[in-house]
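Please treat every number below as a calculation from the coordinates, not as lab data. Predicted model only: the values in this text are computed from it and were never measured. Using ideal geometry, Cβ is built from the backbone for each residue, glycine included, and neighbour counts are taken over all protein chains shown.
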Amino acid sequence: MRFALQTDFALRTLIYLAMQDERATIGDVAAFYGISAAHVAKVVNQLSRLGYVRSIRGIGGGVELARDPRDISVGEVVLAFEGNLHLLECIGVEDVCVIQPFCKLKGVLAEAERIQTDYLRGVTLQDVLPTRRQTRRVEAARQGG
């Protein structure tokens with residue numbers, strides 16, 4: 001399985017915000033990862049609608065996590081951005097294939113999906129955060145020193 005670019009950017013944005021001690025801007029996130037600010041803005045809009053981040057306008061504004069990183073499941077974010085994670089259409093839809101009623105592959109793939117989804121739901125944003133030291137190294141390298 002491969003996630004959409006929007007899902008990738010959503011997870012990276014959440015990680016960046018969780019590493020910060022204060023609000024960040026869309027430009028901060030985009031610059032840190034070297035990605036498009038327009039894409040980050042779209043992702044932040046969706047993350048805000050889903051209740052993962054707060055967007056504050058005006059002077060001193062920016063973007064911040066709306067929930068504790070320990071309360072944000074990586075799996076829930078992935079499902080919110082990806083929709084279903086079916087490996088094949090037949091897993092979520094009936095009458096797609098003539099062998100569907102007795103197909104053993106469908107059961108195998110359905111179980112693989114269940115294991116993957118359960119695993120991702122059990123991983124929190126806190127679990128995937130880099131250390132402060134790792135973050136400082138990245139920032140120093142980006143600034144040329």
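When the chain is treated as a GNM, springs tying every alpha-carbon pair under 10 Å, which of 20, 134, 46 comes out with the largest mean-square fluctuation?
134
Looking at the chain, which longest stretch skips every one of the GluC sites (Glu not before Pro) that is in a DSSP loop with at most 14 other Cβ atoms within 10 Å, leaving the sites themselves out?
No qualifying site falls inside 23-93, the longest such stretch.
For the chain, what does -39500 (n - 2.57) per DSSP helix run (n ≥ 4), summed and divided by total residues, give at 222 nm, in deg cm²/dmol to the nearest 500?
-16000 deg cm²/dmol
If each residue's Cβ is checked for other Cβ atoms within 10 Å, how do 108, 29 rank with the fewest at the top?
Arranged by neighbour count, lowest to highest, 108, 29 become 108, 29.
Suppose we keep just the alpha-carbon trace of the chain; what are its Rg and Dmax in angstrom?
When restricted to the Cα atoms of the chain, Rg and Dmax are 18.5, 62 Å.
Could you list 32, 102, 9 in order of exposure, starting from the residue whose Cβ has the fewest other Cβ atoms within 10 Å?
Least to most surrounded, the residues fall as 102, 32, 9.
Give the long-range amide H neighbours of residue 53: residues separated by 5 or more places, or on another chain, with amide H under 5 Å away, using H modelled in the peptide plane at 1.01 Å from N.
48, 66
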